[in-house]
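All remarks here apply to the structure that follows.
The values are calculated or read from the model by the stated rules, or taken from the named source; none is laboratory data. Quick caveat: nothing in here was measured; it's all calculated off a predicted structure. Positions of Cβ are backbone-derived with ideal geometry, glycine not excepted, and every protein chain shown enters the neighbour counts. In case anyone asks, the SASA skips ligands and DNA or RNA and just uses the protein heavy atoms, side chains included. Shrake-Rupley method; radii C 1.70, N 1.55, O 1.52, S 1.80 Å.
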Amino acid sequence: MEVILTVEHLRKHFSADPVLVDVSFQLRDGDKVGLVGPNGCGKTTLLNILAGREESEKGSIVKASGTSIGYLEQRPENNSDRTLLDEAKLALAPLVEMQHEAERLADQLSQTTDETEQIRLAARYDRIHESLQRHDAYHLDYRIEKILHGVGFTDDEFTKPVSALSGGEMNRLNLARLLLEEPDVMLLDEPSNHLDLLATEWLENFLHDTSAAVILVSHDRYFLDRVTNRTFELFHGTIDDYPGNFSKYTALKEERLTVQTRTYEKYIEEVEKAKEFIRRNHYGMKAAQAEDRRKKLERLMETPADLPRKIETPSMRFNKPSRTGDIVFRCEKLSKGFTSGKPLFRDLTFDIERGQRWAILGPNGCGKTTLLRCLLNEITPDSGKSVHGQGLKIGYFDQQLHVLDDSLQVVDAIRPVNKKIFEEPARRSLLGLFGLTGDQQLQTVASLSGGQRCRAALAKLSAEDANVLILDEPTNHLDLWARAALEKAIRDFEGTVLLISHDRYFVDRVADHLLIIQPDARFKTLEGNYSTFRHMVSKGLMADPFLTDAFSDRKAAGGVGKAMVSTIKQIQNRNNNESDIGKPNAPSNETEKQKTKNKITVPQSSGKKHKEPLRKEEHWKNQQGKTGETIPLDDTKTKKEKKVRKFPFRKIHEIEEEIFARETQIMAWNDDLLRPEIARDGERTKAIHLEIKEEQEKIAQLYEHWEEANELNW
């Protein structure tokens, strides 16, 4: 593949310590690169330099001829009075101008009589026409609407002035403009911020399919996994290049770190041995040998081994909780709505048991945070009730971080009200576990960055010794390593957890139960994690609340077709009428059933007047007189063939549960195959592949059983 961007030896300072020390890499056509590194390592600075927004102090950036670069920054600003649609069209201004030129050339061709001029105009028109076709410029309006819908805008918002857009809407508009421009290299800094789940998945598919090269900064690990095929790790001012997506990077990083650590330890050991030999034998019979060792030591010191590129992960933890009752929360027919009259959720009934970890999923605005506040008794529901179990000590993480007093030093702000004895050394130690060290602990809360404030709020939550954690978007502003530490802390926590998060990877790793709020204010409970939920949706066993909500608000989600709408309706109909599975033409009421039971329609030959259906008894007598055969009154036995079961009778939901269990096991085995210690064990790898194959055969048989049960279990 052609190299379209070459970066060599970039260097950049903002203070005494350099942000970029020696950054070098090559970008090839079609590369999808994830740029990862801890907060403050210089990822945004590097993107600004690549985009020409900032200058480096040293180094060079060489682009291939004709290569264009587009940049999506985190905090875009635009005070234009143009409408959202007109602003989006500006991204295609060169193509629009080409269209106008083609129209002018066509007019001139129709009017000129000079043959030489006609040839010149025709040649120019052909070149423009070819360029317009190559860029699909005859469908610009469709492209603009598709991408605006894709990033989450509705038709009603197309006429909204740009100056009236919120920060999140402005971010989405600039993303749409960049996607419309289709530069050769896209630099994307947190592009999924402010996107709902449907728009995020749409963007994943768009970036995966585009021919442009992409350098992507994101804290969304699912997003990185689905889009990228290379990973750049920016740490200590330099870049390490890894093949593969984020999951592949984490596996390779562990192996590379092991080698780096061994090499560095061996280097230190050799240096120390040489120094000790020189010290002991500098004077004496082995002085000549000591001199040789001194020269060898000088050579070692000239080419020192690199320090292991270990990115420290904070050791977050929550204290051992006290015991609660078996039932932590019980909701009975809980409903809540606001002034619009439309309920956010209705008749919510579920139990959360001690030790379970629940995640709430649903589209933006469906009432997830409102539900948490109802459970905390901060808001009174319209109907129903929520009951707390015995012995609850609730710790609440508010996504707005209101639990912290901005005027206090961090070390004082995390002191819980219920702990009178909590000395400063213990508080400083706790902050260190959450990644806040040194002078950061003595800063005021107001001076902290978003990630630091989030860590401080989590440290305060730990200090409260809660046995129930309620977390509203706890991963906001955390880098990838802090998110991994929080995941481990929650998995190790022996209490009960209820959380909201847009981080699908986080939900996948943490949750064992899901509460899925549907767009029509209904709800579903599901035992499993995010992968379980997506599996059920993909198999048509559950409606997708994100997709159905989007269809009610914007056209076909930027390119999802009518077939998907039809599929969603079928799923919804089946979920609403589970008792009618396998009865496509079931009578709508008892009267019609009775009529069908008592009547048989007799086929009429052509040309004869249509007769009323005869009663069964009359038809039976007529047929008996003609053939002498007895016709049974039970019309279910008049069928010539009755389908014989291939499998024993089982309830549909039991088959589904077994399918999910077996497919979850396969996913676990696939995760095991990625672990280095198993990948190096040929016998174990072969055994796992054999187990996966056997399980897949059983699953295929279960799907046949499921189809038969759907048809015959009524």
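Taken as a whole, the condition of being in contact with a helix residue (DSSP H, G or I) (Cβ under 7 Å, 6 or more places away or on another chain), at pLDDT below 85 and not aromatic (Phe, Trp, Tyr) does not apply to Ala122. Any residue at all in the range 280-291 that is under 30 Å from Leu197 (Cβ atoms) and aliphatic (A, V, I, L, M)? Taking every residue of the range 280-291 in turn, none turns out to be under 30 Å from Leu197 (Cβ atoms) and aliphatic (A, V, I, L, M).
Specify the residue that is farthest from Leu392 (Cα to Cα); the eligible residues are those in the range 328-349 that are open to solvent by 30 Å² or more (accessible area, probe 1.4 Å), at pLDDT below 90 and outside any loop (DSSP other than H, G, I, E, B). Per the criteria, the residue is Pro343. When Glu254 is tested against the conditions (1) charged (D, E, K, R); (2) touching an Asp or Glu at 6+ places or on another chain (Cβ under 8 Å); (3) open to solvent by 90 Å² or more (accessible area, probe 1.4 Å), the lone failure is (2). Against the test of being touching a Ser or Thr at 6+ places or on another chain (Cβ under 8 Å) and either open to solvent by 20 Å² or more (accessible area, probe 1.4 Å) or within 30 Å of Phe235 (Cα to Cα) (or both), the options Ala446, Ala426 yield a single qualifying residue, Ala446. For the range 266-296, the set of residues classified as of a type in the set (D, E, K, R) and surrounded by 12 or more Cβ atoms within 10 Å (Cβ to Cβ) consists of Glu270, Lys273, Lys275, Lys286, Glu291, Asp292, Arg293, Arg294, Lys296, listed by residue number.
Among the residues of the range 238-294, those that are within 30 Å of Leu224 (Cβ to Cβ), in contact with a helix residue (DSSP H, G or I) (Cβ under 6 Å, 6 or more places away or on another chain) and not small (Gly, Ala, Ser) comprise Tyr242, Asn245, Phe246, Glu255. Within the range 297-327, being touching a helix residue (DSSP H, G or I) at 6+ places or on another chain (Cβ under 8 Å), outside any helix (DSSP H, G or I) and surrounded by 13 or more Cβ atoms within 10 Å (Cβ to Cβ) holds for Ala305, Pro308, Arg309, Ile311, Thr313, Pro314, Met316, Arg317, Phe318, Asn319. Here is a check on your reading of the model: is Ser449 in contact (Cβ under 8 Å) with a residue 12 or more places away in the chain and of a type in the set (Ser, Thr, Tyr)? Considered against the rule, which asks whether it is in contact (Cβ under 8 Å) with a residue 12 or more places away in the chain and of a type in the set (Ser, Thr, Tyr), Ser449 comes out as yes.
For the range 368-389, state whether one or more residues are open to solvent by less than 20 Å² (accessible area, probe 1.4 Å), part of a strand (DSSP E or B) and of a type in the set (A, V, I, L, M, F, W, C). Looking through the range 368-389, none of the residues is open to solvent by less than 20 Å² (accessible area, probe 1.4 Å), part of a strand (DSSP E or B) and of a type in the set (A, V, I, L, M, F, W, C). Residues that are among the hydrophobic types (A, V, I, L, M, F, W, C), under 12 Å from Leu140 (Cβ atoms) and surrounded by 12 or more Cβ atoms within 10 Å (Cβ to Cβ) within the range 91-104 comprise Ala91, Leu92, Leu95, Val96, Met98, listed in sequence order.
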